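Chemist: The structure under discussion is supplied below as structure tokens; questions concerning it will follow.
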Amino acid sequence: GHDGGGVDRHLFGLYVASVGLGYDSEFLKSALKMPWTLSTSQTPQKQTNRWNPDKEDAMYVSPGGGFGPVADDGYGVSYMFPNDKEIFFHVSSKKSTGVTDTQRFIKNIKQSLADVKKVFEGYLAEQEAEKAKAAKK
């Protein structure tokens, strides 16, 4: 689903549980101290059932807002699913580091989405071919 949960939250939850149970986890302590060069968060569009941007008022869908990176050599990525056909991204980084490149990052997101689309299209084509083959029997 589009619930916005991230890996850092899951690691933090495990850490809190381990502390509560009196279990000392060096792995979790180490993982939570690592620098997070990629900070992501979802901006939910549908926070109420009173408005459905899929059907009515679709032209009023907002791409939301973004935020900066949490590390100097990182990226801040806000994303939103306003409906079942669109995804909005806000990508930011600091030019001053010379390490990050927001345009390259966006290009890689686009390529990744195109690659995933090809995988699904291939799968769907295989399913249709199997159905057609089964129908001939």
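Chemist: Against the definition (touching a Gly at 6+ places or on another chain (Cβ under 7 Å) and either at pLDDT 65 or above or polar (S, T, N, Q) (or both)), how does Ser62 come out, yes or no? Walk me through it before giving the result.
Modeler: Details: touching a Gly at 6+ places or on another chain (Cβ under 7 Å): no; either at pLDDT 65 or above or polar (S, T, N, Q) (or both): yes.
Here the answer is no, as Ser62 does not meet what is asked.
Chemist: Taking segment 80-115 on its own, how many of its residues are closer than 22 Å to Met34 by Cβ and aromatic (Phe, Trp, Tyr)?
Modeler: Counting residues in segment 80-115 that are closer than 22 Å to Met34 by Cβ and aromatic (Phe, Trp, Tyr) gives 1.
Chemist: Can I ask one more? Using beta carbons and a limit of 8 Å, which pairs, at least six apart or on different chains, have the first residue in segment 5-21 and modelled with pLDDT of 80 or more and the second one part of a helix (DSSP H, G or I) and of a type in the set (D, E, K, R)?
Modeler: Tyr15/Lys29
Chemist: Restricting the first residue to segment 86-99 and requiring it to be under 14 Å from Gly66 (Cβ atoms), which pairs with a second residue that is at pLDDT below 90 and among the polar types (S, T, N, Q) meet a Cβ separation below 7 Å and a spacing of at least six or different chains?
Modeler: Close Cβ pairs satisfying both conditions: none exist.
The values are calculated or read from the model by the stated rules, or taken from the named source; none is laboratory data. Computed from a predicted model, the values in this text were never measured in an experiment. Quick reminder, even Gly has a Cβ in these numbers, built from the backbone with ideal geometry, and neighbours come from all protein chains shown.
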